[in-house]
Every structure is written in C-alpha cells, then in structure tokens.
1. What's the number of the condition A:Asp43 fails, among (1) acidic (Asp, Glu); (2) surrounded by fewer than 21 Cβ atoms within 10 Å (Cβ to Cβ); (3) touching a residue at least 40 places away in the same chain (Cβ under 8 Å)?
2. Does A:Ala122 qualify as being out of contact with any helix residue (DSSP H, G or I) (no Cβ under 9 Å at 6 or more places or on another chain), within 20 Å of A:Lys52 (Cα to Cα) and modelled with pLDDT of 95 or more?
3. How many residues are within 14 Å of chain A (Cβ to nearest Cβ) and touching a residue at least 40 places away in the same chain (Cβ under 8 Å) if we restrict to the stretch B:60-101?
4. For the stretch B:3-11, indicate whether the set of residues that are at pLDDT 60 or above, assigned to a strand (DSSP E or B) and not hydroxyl-bearing (Ser, Thr, Tyr) is non-empty.
5. How many of the residues making up the stretch A:109-122 are within 17 Å of the chain's Cα centre (by Cα) and buried (at least 18 other Cβ atoms within 10 Å of the Cβ)?
6. Scan the stretch B:70-116 for residues that are within 21 Å of B:Gly57 (Cβ to Cβ) and small (Gly, Ala, Ser) and jot them down.
7. Which pairs do you get when a residue that is more than 10 Å from every other protein chain (Cβ to nearest Cβ) and farther than 13 Å from A:Gly40 by Cα, found in the stretch A:55-82, comes within reach of a residue that is modelled with pLDDT under 95 and buried (at least 17 other Cβ atoms within 10 Å of the Cβ), reach meaning Cβ atoms under 9 angstrom, with the pair 6+ apart or on two chains?
8. Hey, A:Ala79 hits all of (1) under 16 Å from the mean Cα position of the chain (by Cα); (2) over 20 Å from A:Lys110 (Cβ atoms) but one; which does it fall short on?
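The values are calculated or read from the model by the stated rules, or taken from the named source; none is laboratory data. Since we're looking at a predicted model, the values are computed, not measured. Don't worry about glycine lacking a Cβ; one is built from the backbone with ideal geometry, like all the others, and counts go over all protein chains shown.
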Amino acid sequence: MAIRMTAVLAASCLFLAGVPAHAAEKPTDPQIAHIAYTAGVIDIEAAKQALKKSNNKEIKAFAKDMERDHEAVNKQALALVKKLKVTPEDNPTSKALTKAAKAERAKLSKLHGAAFDKAYIANEVAYHKQVNGALNDVLIPSAHNPQLKDLLETGLKIFQGHEEHAEHVQSELK
Amino acid sequence: MSSRNSNRSARALFLWAIGLAAMLAFGTAAAPAHAKTITVTIQKLVFSPANIQAKAGDTIEWVNKDAFAHTATVKGGWDVMIPPEKSASLVLKKAGPVDYFCRFHPNMKGHVTVSP
C-alpha cells in the first residue's frame, strides 16, 4: 500500500511540476536526462520479465519491440549526454519511478499465464501514458538544450507509438 | 582521290555515331517509362512524403534514417520490415488507394494511390 502511494505520488509530482505555480521546481537538464533514461531502463526490465514469463506470441513480440526501441533511445541519450558533457543527475522523480517499477515487477512476478499477460500489457498502456504525459507537460517544456529537447520529442513520438501498439495488443488479448 | 575517300569514310563514321547516340538515348529514355522508384524517407518517425502517387509496377523504396526499426504495413496486405538506418523496397502490383502504417509505431502513417 505504501509503495502504491509512492507510485501515485510520483505520478502526480511528474504532472504537478508542469503547473506554472511550480515553475521553480522545474527539473534541470541533467535531471531530465536521468528521468528519461530511467524511464527507458524500467521498460526494458519489464520487457525482459515478459520475455521470460510469457508464452503468448503477441506479448513476446511486443516485449521484444519495447526492449529494442528503448535500448536504441537510451543509446542515443547516452551518446548525447556524453557529447554535451552533461552528467545525468539522480533526483526524487527518478527514484520514485524506479521504486514504483520495482513494486510492479514484484506484483507481476507472482502472476502466470494469461493473468500475467493481461497485467503486463495493462501496465504497459498505463506506464507509457504516464511517461508521455510527463514528457509532454514537464520534461520537454523544461529542457534547455535544443538537442536534448529534440531527442525527447523523438522519444515522445516513439512512446506514443508504443502506447497505441500496447492498446492494440491489449484489445487483441480479450 | 585519297582525300575524297577519307571524306566519305569520315561521313560514314559520323552517321554511324549519330545512329548509336540515338539508340542509346532512346534506350535509356525508354526504361523509366516502364517503372520508376519512388523514395519515401523515414526520419523522426515520419514517412515523407506521407502521400504518394504511383503506377502499378512502380517500386517504393523506404529509406530509414532513424535508429529504430520500422515497418510499412497494410492491414491484410504487405508487411515490409525496414531495419534501422537501412532501406527496404516493394513493387506495387495492384491498383487502388492504400493506407499503410508502422506496426511498431502505429502513429506513423502513409498513403499510396496506385493507378493502373
């Protein structure tokens, strides 16, 4: 319960930071880079879990797509921060995201078969929605460096694609 | 006498050269009339141009400039894999309008009008 509360809090923090009254709390570029990278790592780990646990062809194919795309984005992100000489900086949002993801993985690890598939894909839809909201409302508008902003914008288009893809897989499961 | 001969052979050579040039020109001009290749570039998850006009027999070549794999997929039809930073192509066989999308990122959409 406490973990779930933190997850909800993290999600609302991501969104609240976008409200002008909280302008002072805008994340910095090193923090944004860390949040975006962390969000990618989380989905890669979720994909790895699904590849191990699921026997469903569609779910496995989707998980492979997630693993491949998020690895490609994160590779670009690492190359960019190196080029810009920016050191990604850990922050409360990254910490909350990681904590919530750990709880989700633990929850999913107890499920099997169709129940796992259903829960995994439902979380993928919700997770991409959450990350896309944060990218659109907070991370992209807060980013100062144009190259970082550009990468985040490409990332948003990819993740929006994933969200649609996940919704499609989810509808096929039923 | 000898100068007249050499004049004649020069003229023959000249005519032959014109004939050859005409054949070459005709030959190369005739090829694209049969079928052409239309290039669609993929960059930052956008098919560009998103709308193309083609004729049956033409080829579409997708040039993927992204670091991500994409597809050009038609529901119940073709499914072309376009690996990251690579190209893939397809010969259009049937006439008619076609909507295609990327299976991995369904928010990427393209359209082809194929005339017979």
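1. It fails just one condition, (2).
2. Working: out of contact with any helix residue (DSSP H, G or I) (no Cβ under 9 Å at 6 or more places or on another chain): no; within 20 Å of A:Lys52 (Cα to Cα): yes; modelled with pLDDT of 95 or more: yes.
In short, no.
3. 1
4. Step one: of the stretch B:3-11, the residues at pLDDT 60 or above are B:7-11.
Pick out the ones that are also assigned to a strand (DSSP E or B) and you get none.
Scanning the stretch B:3-11 turns up no residue that is at pLDDT 60 or above, assigned to a strand (DSSP E or B) and not hydroxyl-bearing (Ser, Thr, Tyr).
5. Taking the stretch A:109-122 first, the residues within 17 Å of the chain's Cα centre (by Cα) are A:119-122.
From what's left, buried (at least 18 other Cβ atoms within 10 Å of the Cβ): A:120-121.
Here the count works out to 2.
6. Passing the criteria: B:Ala72, B:Gly77, B:Ser87, B:Ala88, B:Ser89, B:Ala95, B:Gly96, B:Gly110, B:Ser115.
7. Pairs that qualify, where the first residue is more than 10 Å from every other protein chain (Cβ to nearest Cβ) and farther than 13 Å from A:Gly40 by Cα and the partner is modelled with pLDDT under 95 and buried (at least 17 other Cβ atoms within 10 Å of the Cβ), are A:Leu80/A:Val86.
8. (1)
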